[in-house]
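The values are calculated or read from the model by the stated rules, or taken from the named source; none is laboratory data. This is a predicted model, so every value here is computed, not measured. Side chains included, ligands, DNA and RNA excluded: accessible areas come from the protein's heavy atoms. Shrake-Rupley method; radii C 1.70, N 1.55, O 1.52, S 1.80 Å.
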Amino acid sequence: MGLQGMELCAMAVVVLLFIAVLKQFGILEPMSMEDSSDSELELSTVRHQPEGLDQLQAQTKFTKKELQSLYRGFKNECPTGLVDEDTFKLIYSQFFPQGDATTYAHFLFNAFDADGNGAIRFEDFVVGLSILLRGTVHEKLKWAFNLYDINKDGYITKEEMLAIMKSIYDMMGRHTYPILREDAPLEHVERFFQKMDRNRDGVVTIDEFLETCQKDENIMSSMQLFENVI
């Protein structure tokens, strides 16, 4: 995997991994009519009770039946209705047993933990998932920017991008063929900034990020790959 592959990986890996998580939750399995009625009744049995399905349907691009199926899978894996960071890391470590997914899972967890309270609610989960799977290109890119903007100050710095790229490399880069060089993440970051940092001020703004990504055919193609997963 060369630099171009790493660049596309950085844009698409969120969706790929969440498909794996959906399978871990059993969310991709067909839902029966019996499941639909049960999901409505079971909303009150968890410690954190999610918002009503009608409200979540308005906030996402999922149907009511899809939300019921998603909820059932989420509840089966997380009976309390909340996912903490340790659980999140454990889920991802199962898919990369030969690598270290801890740091990447930490960054991804923070991107889903919308209110920063240390737990992902069902609402956080489905709103983020709706963007990743069915959002517009603009919405997906804004979500990706938020992932890379680790301290949430509205800018991506080289240090932040390097931390993200190293976490991806630790998780999967050493098991690619040909094997990536140790300096591959840094080289990727330099290339990223040459392309994205249009005014050469050392940071990438959301406007620079959106404009550059929308002109890149490869990135645009990667944004469309998983729209019909569920």
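A few points about this structure:
- Anisotropy class of segment 89-171 from Cα gyration tensor, a/c 1.5 cut: oblate
- Rounded if a/c under 1.5, otherwise prolate or oblate - segment 129-223, Cα gyration tensor axes: oblate
- Within the accessible area of segment 70-154 (1.4 Å probe), percent carbon and sulfur: 51 percent
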